[in-house]
Amino acid sequence: MEVQFDDLEKSDLYVDCIYKGGTAPNMSAEPFHKLIPDCENSGGFRKRLRQDGTGKYAYIVLYTSMEELEWPDFLEEETGIFRYYGDNREPGRELTDTKKKGNKVLEDTFAQLNSGICLEDIPPFLVFKKTGNGRDVQFLGLAAPGNPKISPDKDLVAFWRTVKDKRFQNYEAYFTILDTGKQPVSRKWIEALIYDHDNSLSLAPDVWKKFVKSGRNGIEPLRAPKSYSIPTKYDQLQSDEEGMLCLKTIREHYDGFKQGFEACATDLVCKMDTNFQDFALTRPWRDGGRDAIGKYAISTGGKCNQALKLDCALEAKCYGVNNGVGVREMSRLISRIRYRQFGILVTTSYVDAQAYSEVVEDQHPILIVTASDIAAILRNNSISSYNIGDWLDTIDTDLTKQRLREYASRIMAIKGQ
């Protein structure tokens, strides 16, 4: 669904609808000032105060490109969880001392949420994404701060980031896109939030009313389970230009250095999910069809009961874009998975359709990580073409130390005989 620029002033907001920008070569072509009453035209945080003199916000627009390497905003469609980074994105300022006061908005909003008092004062968050086509924007949905499955101490986290050797803090915030069903976010509600806030709730979507009443426990996420199909070669290789550069660097770095990429693959998997741990590379002459063996820990989060640890076997393939993982390589991994183990296939390329189909149709416990996944993992861990060389050098150094320890251990064992 698309709404043309000339029709924006009379349009409601529909999930995933694209709202067209104008053709003028200046800010007058921005769609927000026409689509959202009294909306600001710039920045990731676009705010509007109520007209009742309270100094409280009527609404907040969150605008993202989803493409900033250092600040990987992300919407998980299956759960409705939306991760958004604050606006302290350069060194030299305090956490909340930003031009748009976005981090101050986050701080106050989550404090209000966790207090559980006067939840009607929390402004609705309207989430938009840049489409990449001119000034067009896509509405991702109405969002509430927090999520029932994220603990209050983890839905807004201040963390340190280093950019060009300078350290500073920013916020990582978690919202939930609400399931508004067939109800759009009406323009009349947005206007009432500004000009008649005391009576605005009657015009709000039902899910927002439930959130205002029950807070975090009243959140109803918009869940959109994906209908699964075999991903194409293009899908598995797809990445932005920065991701492509990083993948190219990895392929060139490990050209002819198989054991090196195995260490890289285990580090990638651990960066993807910190519950992966204790990976050990197998000996190249006795690997049993597996390049590494590790564990996946499932913990209660408490200190009383020990974690459940599942064994996993990893196979790593540093291939070029035109060399996919085929049936032979996949069958090799499947045949070596032991009882109560699962497998991980990591490749800088893709898995061909026949091999992928066998995994899916026969329901083999194999986690497949391809080029597009690797690019996303690097992005989420702030590894770019600027610093990927340092990361790869660290992996090589750790591998060398590990091999020296293994060699020393074998020498001592021989001497002990």
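No lab work stands behind these numbers, since they all come straight from the coordinates. All values derive from a computational prediction rather than experimental measurement. Ideal geometry is used to build each Cβ from the backbone, glycine not excepted, and the neighbour counts take in all protein chains shown.
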Legend entry - When each of K129/K166; K20/K188; K56/K100; K20/K56; K188/K209 is checked by Cα-Cα distance, pairs over 25 Å: K129/K166; K20/K56
Inset, instruction - Taking a cut-off of 18 Å between Cα atoms, list the lysines near K248, but don't count ones fewer than 8 places away on the same chain. - result: K233, K258, K317
Inset, instruction - Quick one: grab the alpha carbon gyration tensor of region 233-416, order the square roots of its eigenvalues as a ≥ b ≥ c, and give me rounded if a/c is under 1.5, else prolate or oblate depending on whether a/b is larger than b/c. - result: rounded
Inset, instruction - Give the relative contact order (percent, whole number) for region 1-58; include only Cα pairs under 8 Å separated by 6+ residues. - result: 22
Legend entry - Interchain or long-range residues, amide H under 5 Å from S349's placed H: Y319, A371
Legend entry - Among beta bridges that DSSP assigns inside the chain, antiparallel share in %, nearest 5: 70
Legend entry - Positive-end residue, region 167-314 charge dipole about Cα centroid, Cβ charges, pick of T266, I190, I298: I298
Legend entry - the chain: relative contact order in percent, alpha carbon pairs under 8 Å with at least 6 residues between: 13
Inset, instruction - Enumerate the calculated ³J(HN,Hα) couplings along region 32-38 in order (Karplus 6.51 cos²θ - 1.76 cosθ + 1.60, θ = phi - 60°), each rounded to whole Hz, writing x wherever the residue is Gly or Pro. - result: 5, 5, 8, 6, 10, x, 6
Legend entry - Placed amide H near I366: partners under 5 Å, 5+ positions off or other chain: G343
Legend entry - Under the Karplus curve 6.51 cos²θ - 1.76 cosθ + 1.60, θ = phi - 60°, whole-Hz ³J(HN,Hα) for region 196-208, x wherever Gly or Pro sits: 8, 4, 4, 10, 6, 4, 5, 9, 6, x, 4, 5, 6
Legend entry - Farthest positive-ward along the chain dipole, Cα basis, beta-carbon charges - from L367, L140, A24: L367
Legend entry - Within straight-line cross-link reach of K149, aspartates and glutamates at Cα separation under 13 Å, skipping those fewer than 8 residues along the same chain: E220
Inset, instruction - For region 336-341, just list the computed ³J(HN,Hα) in residue order, Karplus coefficients 6.51, -1.76 and 1.60, θ = phi - 60°, integers in Hz, with x standing in for Gly and Pro. - result: 9, 6, 8, 4, 6, 10
Legend entry - Cα gyration tensor, region 101-142 - rounded (a/c under 1.5), prolate or oblate: prolate
